[in-house]
Amino acid sequence: MRELTWADRIRAVKEYLEGEGSQEEIAKRYEVDRASLREWIARYQVSGDSLMWEQKRTRYTEALRSRVVKEYLEGKGSQRELCKKYGISTRRILQGWLMCYNVQEGTQKGGDKGENRMNKGRKTSLEERIEIVSYCIRNGKNYMKAAEKYKVSYSQVYQWVKKYEEYGANGLLDRRGRRKQFCEMSELEKLQAEVRLKEAEVKRLEMENDLLKKLSALEKGGGCRLSRVRQEKQYLAIQALNREKGYPIAALCRIIGLNRSSYYKWINRDPGAQQEADKQLIHCLQVLHEESRGIYGYRRMQINLQRRFNILCNKKRIRRVMAAIGMKSVIRKKRPRHVRSTPEVTAENILNRQFYANKTNEKWLTDVTELKYGNGEKMYLSAILDLKDKKVHLQNKKTKGPT
């Protein structure tokens, strides 16, 4: 890798923008790293020729920093897109704001005059530390929120929570200087402190348990899924618990191991053409399902979609969509198979396969047939056949009410 002059850098950027080569080809041509070339292209698109290489320091207002970080966390654009949109010279500046936001809820490392805007640590009593730790655990270990609420530093909240998890309530004691703080507390106060911390832990465990139950319910009832978004069931579980029980989004994302920005990007996504087509197909399937009283399967659905709505669709896709929305056809109950059994009474073989007669009324044959009609009613028909002329001479009928 070699150092390029400002003119060479601008020339390399223009060659890429004019289509004279890919980023990899131009980077090899000028013997530079491709990441550096991408950074030059982004700065050129923001500032142009005149402002691209100026070394003066650009100051950004606190409102701009907050707006950019918020849009990035909500998934409204990538880092490069936001830098180009708001005229930020390099991506490292935005990355610094994001890092500062993760440490302190606020994007400004310093004010316009360079002063430090982060909360400073302060002296606290044991009761305050217990209250802060319980609040932090109750809100899914949101250290930033606890530090902002109680006006202490992020590192203090983090250390207190870690000490409590390792040593219990004794870990919150300030052992610098005087050591009589815990001894001065009465037994009732000690028990009350322990109860408050345990209640916070129970609240966090309830949040984890509810999240696992919601995920399990989505897995069982999901079937085939229409959306191609990865980890969509996790996003749906977080959204449902936030609406139903008011759990904080940041705490749920931390439990499940997702980035909060990924969740907001999923919330603000634009539905694709495939998703819109699936919505129209689901509406048509529901119409046909109601009109047919639920007897259509995916094969007859395919035929009627083409006849009624002029929609050409593969039957495998129709089957997948019907499974995803839980639509099933009504199937006639199958009759139980006949089980052969040994008859209790066996009639005597009188004819011995001699199916002829010399005169009328010498040999008769008969059988009984069951016929169903009306509202569950039955009729039994018995016809008598004469083997002389093979004609039916007599019919017996008997009816039976519904069973």
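Just to check your reading of the model, which residue among V152, V202 is part of a helix (DSSP H, G or I), modelled with pLDDT of 80 or more and among the hydrophobic types (A, V, I, L, M, F, W, C)?
Exactly one residue qualifies, and that residue is V202.
Looking at (1) in a helix (DSSP H, G or I); (2) at pLDDT 65 or above, which is the one condition that is false for S50?
(2)
Taking only segment 15-35 into account, find how many residues are exposed (fewer than 14 other Cβ atoms within 10 Å of the Cβ), charged (D, E, K, R) and closer than 15 Å to Q45 by Cα.
1
Return yes when E3 is over 19 Å from T90 (Cβ atoms), part of a loop (DSSP other than H, G, I, E, B) and either of a type outside the set (G, A, S) or at pLDDT below 75 (or both) and no when it is not.
Considered against the rule, which asks whether it is over 19 Å from T90 (Cβ atoms), part of a loop (DSSP other than H, G, I, E, B) and either of a type outside the set (G, A, S) or at pLDDT below 75 (or both), E3 comes out as no.
Just one of (1) in contact with a Ser or Thr (Cβ under 9 Å, 6 or more places away or on another chain); (2) closer than 30 Å to Y72 by Cα trips up S292, so point out which.
(2)
Can you confirm whether E127 is among the charged types (D, E, K, R), in a helix (DSSP H, G or I), at pLDDT below 75 and more than 25 Å from R260 (Cα to Cα)?
Details: among the charged types (D, E, K, R): yes; in a helix (DSSP H, G or I): yes; at pLDDT below 75: no; more than 25 Å from R260 (Cα to Cα): yes.
Criteria not met by E127.
The values are calculated or read from the model by the stated rules, or taken from the named source; none is laboratory data. Just so it is clear, the structure is predicted and the values come from calculations on it, not from any experiment. All Cβ positions, even for glycine, are placed from backbone atoms using ideal geometry, and neighbour counts span all protein chains on display.
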